[in-house]
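Structure, as structure tokens:
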Amino acid sequence: MTVLSGVDEQSLRLRGILLMIVAGVCFSALDTFAKLLVVEFAAIQVVFVRFLGHLVLTVGSAGPRNLPSMWRTRRPVLMVVRGMLLFGSTLGNFMALRYLALSETVSIFFSSPFLVAIIAGPVLGEWIGPRRWAAVLFGFAGVLVVTQPGTAGFQWAALYSIAASVCYALYAIVTRILTATDSNRVQQFYASLVGTLAFLPAMPFVWVWPQDLLSIALMVGTGVFGFVGHGFLITAHRYAPAPILSPFIYVQIIWMTLFGFAVFGHVPTTANLLGAGIVIASGLYLLFRERAVEGPQ
């Protein structure tokens, strides 16, 4: 058994944080593609295509010789549960994107780090101290400044985002548990397989063939970004505990703002810029604590 020094452990955690941030870029692109697609296609079809593309890329990257090994998992039930949580989170998010603005769905979805931090303590033994709790709350306050939830009143469609947030928090916890026993490839395979099979029976009733190259490219892109993003996410959890990684999901608001401007022409307001600054400050503080202090602070 290899014993890591404090410096080595901090280096691994910083690597996990970086991978988490890159995963956020992939997920932002995925949400952007999905929002464009759900205007024309059923959300269930978009989710199915996203998981089917993910499955094809997972199997293709492994090669035929490695396919039998991808079925072998020490925790098959937990692996299926993880896949169900992932497609539940994806479906809830895509359904919300059909009815709500990106800022509204993000504001609700970004409550998931609270759930991760609360659950990871008793379940994983990964407790965070008061300073990191303060940083998480500070980052969430920045998200509220950006999105300004509640100004237009509660909408029933927000329940989709709430469900997606709960599923994602549980998914992150289960991912952390499975990294001790199963490889990235096995986790990717089961996550994409469960999602594909779950939606396959509904496809004859909702499927609409894309009529242009842009729609086809967007559908392919959902699979690609899903595959790459979750690969980074799984690897990040190998390097750092869930409570440390979860606050860095807030950085995704920056990518969302950039994609929103580039694709939908949404110009950031003063509140957007102020909130993004708060999010960045929170993330930099957590990064500083990782570099300067050992143990929970």
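The values are calculated or read from the model by the stated rules, or taken from the named source; none is laboratory data. Note that the coordinates shown come from a computational prediction; the quantities given were computed from them, not determined experimentally. Neighbour counts run over all protein chains shown; Cβ positions are idealised from the backbone, glycine included. Surface accessibility is based on the protein's heavy atoms, side chains included, excluding ligands, DNA and RNA. Shrake-Rupley method; radii C 1.70, N 1.55, O 1.52, S 1.80 Å.
Tell me which residues, restricted to the stretch 57-79, are among the β-branched types (Val, Ile, Thr) and surrounded by fewer than 16 Cβ atoms within 10 Å (Cβ to Cβ).
First, pick out the residues of the stretch 57-79 that are among the β-branched types (Val, Ile, Thr): 58-59, 73, 77.
Within the stretch 57-79, just 77 meets the criteria.
Which residue pairs have Cβ atoms under 9 Å apart, sit 6 or more places apart or on different chains, and have a first residue in the stretch 46-73 that is at negative phi and a second that is assigned to a loop (DSSP other than H, G, I, E, B) and modelled with pLDDT of 85 or more?
46/38; 48/207; 49/41
Within the stretch 207-216, can one find any residue that is in a helix (DSSP H, G or I) and within 25 Å of residue 65 (Cα to Cα)?
Step one: list which residues in the stretch 207-216 are in a helix (DSSP H, G or I), which gives 213-216.
Applying the additional criterion that residues be within 25 Å of residue 65 (Cα to Cα) yields none.
Checked against the condition, which is being in a helix (DSSP H, G or I) and within 25 Å of residue 65 (Cα to Cα), the stretch 207-216 yields no hits at all.
Of the residues that sit in the stretch 165-186 and are touching a residue at least 40 places away in the same chain (Cβ under 8 Å) and over 23 Å from residue 122 (Cβ atoms), which one is most open to solvent (accessible area, probe 1.4 Å)? Working first, answer last.
Start the filter on the stretch 165-186 by keeping residues that are touching a residue at least 40 places away in the same chain (Cβ under 8 Å), which leaves 165-179, 181-182, 184-186.
Now narrow it down to the ones that are over 23 Å from residue 122 (Cβ atoms): 184-186.
Numbers: 184: 41, 185: 99, 186: 12 Å².
For the stretch 165-186, the residue satisfying everything is 185.
Taking residue 94 and the conditions (1) within 24 Å of residue 189 (Cβ to Cβ); (2) in contact (Cβ under 8 Å) with a residue 24 or more places away in the chain; (3) more than 14 Å from the chain's Cα centre (by Cα), which numbered condition does it fall short on, given that it satisfies the others?
So the condition that residue 94 fails would be (3).
Looking at the stretch 192-226, which of the residues that are among the polar types (S, T, N, Q) and at pLDDT 90 or above is nearest to residue 50 (Cα to Cα)? Steps first, answer last, please.
Of the residues in the stretch 192-226, the ones among the polar types (S, T, N, Q) are 192, 196, 211, 215, 222.
Now narrow it down to the ones that are at pLDDT 90 or above: 196, 215, 222.
Details: 196: 9, 215: 13, 222: 5 Å.
Looking at residues that are among the polar types (S, T, N, Q) and at pLDDT 90 or above, I get 222.
With 267, 263 as the choices, which residue is surrounded by fewer than 17 Cβ atoms within 10 Å (Cβ to Cβ) and either modelled with pLDDT under 80 or acidic (Asp, Glu) (or both)?
267
Filter the stretch 100-119 for residues that are more than 15 Å from the chain's Cα centre (by Cα) and more than 19 Å from residue 259 (Cβ to Cβ); which is least open to solvent (accessible area, probe 1.4 Å)?
Among those residues, the one meeting the criterion is 117.
Could you run through the stretch 209-226 and say how many residues are open to solvent by 40 Å² or more (accessible area, probe 1.4 Å), touching a helix residue (DSSP H, G or I) at 6+ places or on another chain (Cβ under 7 Å) and under 18 Å from residue 43 (Cβ atoms)? Steps first, answer last, please.
Of the stretch 209-226, the ones open to solvent by 40 Å² or more (accessible area, probe 1.4 Å) are 209, 211-214, 216-217, 220, 224-225.
So of that shortlist, the ones also touching a helix residue (DSSP H, G or I) at 6+ places or on another chain (Cβ under 7 Å) come out as 220, 224-225.
Narrowing the set further to residues that are under 18 Å from residue 43 (Cβ atoms) leaves 220, 225.
Qualifying residue count, the stretch 209-226: 2.
Right, residue 204: part of a helix (DSSP H, G or I) and either more than 19 Å from residue 138 (Cβ to Cβ) or in contact with a strand residue (DSSP E or B) (Cβ under 8 Å, 6 or more places away or on another chain) (or both) or not?
Spelling it out, residue 204 is indeed part of a helix (DSSP H, G or I) and either more than 19 Å from residue 138 (Cβ to Cβ) or in contact with a strand residue (DSSP E or B) (Cβ under 8 Å, 6 or more places away or on another chain) (or both).
So, residue 185, is that one assigned to a helix (DSSP H, G or I) and over 24 Å from residue 106 (Cα atoms) or not? Explain how you work it out, then say what you get.
Numbers: assigned to a helix (DSSP H, G or I): yes; over 24 Å from residue 106 (Cα atoms): yes.
In short, yes.
Tell me which residues, restricted to the stretch 187-208, are open to solvent by 20 Å² or more (accessible area, probe 1.4 Å), under 23 Å from residue 39 (Cβ atoms) and among the aromatic types (Phe, Trp, Tyr). Give the derivation first.
Residues of the stretch 187-208 that are open to solvent by 20 Å² or more (accessible area, probe 1.4 Å), as a first pass: 190, 193-194, 197-198, 200-202, 204-208.
Next cut, under 23 Å from residue 39 (Cβ atoms) only: 202, 204-208.
Residues satisfying the conditions are 205, 207.
Scan the stretch 220-231 and tell me whether some residue there is more than 18 Å from the chain's Cα centre (by Cα) and part of a helix (DSSP H, G or I). Spell out the reasoning first.
Going residue by residue through the stretch 220-231, those that are more than 18 Å from the chain's Cα centre (by Cα) are 220.
The next check asks that each one be part of a helix (DSSP H, G or I); those that pass are 220.
Yes.
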